[in-house]
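Below you'll find the structure, written out as structure tokens, and then a few comments.
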Amino acid sequence: QVKKQCDQKLLIRMKTKCVPCSLNLDTQCPAGYTKITNGTGTPDCRYYLEIKAHTLSFPGCRHRCVKEFEQPECCQGHWGPDCLGR
């Protein structure tokens, strides 16, 4: 039995919205994603507050999330929706 389908595993990465670090403890990743940062997350961003005519910028935190995704792919020498051979 020759293997026709060789699915590729992809890792999709994303970051949550930047918020005050003290509020980031309970931040969840979107459905299907796994949180890979702990506690308040990574302090690598800035969030903005509009006060009257001014916009103030503050250092904030966000979490990193990953999702594993399998992309269907045919093995070498096979093609098409059913991965047919030569």
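The values are calculated or read from the model by the stated rules, or taken from the named source; none is laboratory data. From a predicted model like this one, the values you see are computed outputs, not experimental measurements. Cβ: placed from backbone, ideal geometry, glycine included. Neighbour counts: every protein chain shown. Just so you know, the surface numbers come from the protein's heavy atoms only, side chains and all, with ligands and any DNA or RNA stripped out. Shrake-Rupley method; radii C 1.70, N 1.55, O 1.52, S 1.80 Å.
Over the chain, Cα pairs under 8 Å with separation of 6+ residues give a relative contact order of 41 percent. Using the Karplus relation 6.51 cos²θ - 1.76 cosθ + 1.60 with θ = phi - 60°, the per-residue 3J(HN,Hα) values for segment 18-27 come to 6, 9, x, 3, 5, 9, 8, 4, 8, 5 Hz, with x marking Gly and Pro. With all protein chains kept in place, the per residue accessible area of the chain amounts to 78 square angstrom at a probe of 1.4 angstrom.
So what's the net charge close to T37: Lys and Arg +1, Asp and Glu -1, counting the other residues with Cβ under 12 Å from its Cβ? Cβ neighbours under 12 Å give a net charge of +4. Using θ = phi - 60° in the Karplus curve 6.51 cos²θ - 1.76 cosθ + 1.60, the 3J(HN,Hα) couplings for segment 3-8 round to 6, 9, 9, 10, 4, 9 Hz; x is entered for Gly and Pro. Using the Cβ atoms and a cut-off under 9 Å, what net charge is assigned to the surroundings of R62, where Lys and Arg are +1 and Asp and Glu are -1? Cβ neighbours under 9 Å give a net charge of +2. The label point for L56 and the one for K15, both projected 7 Å from the Cα toward the Cβ, are 2.3 nm apart.
Per residue, the convex hull spanned by the alpha carbons of the chain comes to 154 Å³. Note on the chain: with neighbouring protein chains present and a 1.4 Å probe, carbon and sulfur make up 53 percent of its accessible heavy-atom surface. Close amide H pairs (under 5 Å, H built 1.01 Å from N) link R62 with T42, D44, residues at least 5 positions away or on another chain. Can you give the accessible area of S22 in Å² (nearest 10), computed on protein heavy atoms with a 1.4 Å probe? Result for S22: roughly 90 Å² accessible. Label-to-label distance, R46 versus E73, with points set 7 angstrom from Cα along the beta-carbon direction: 3.9 nm.
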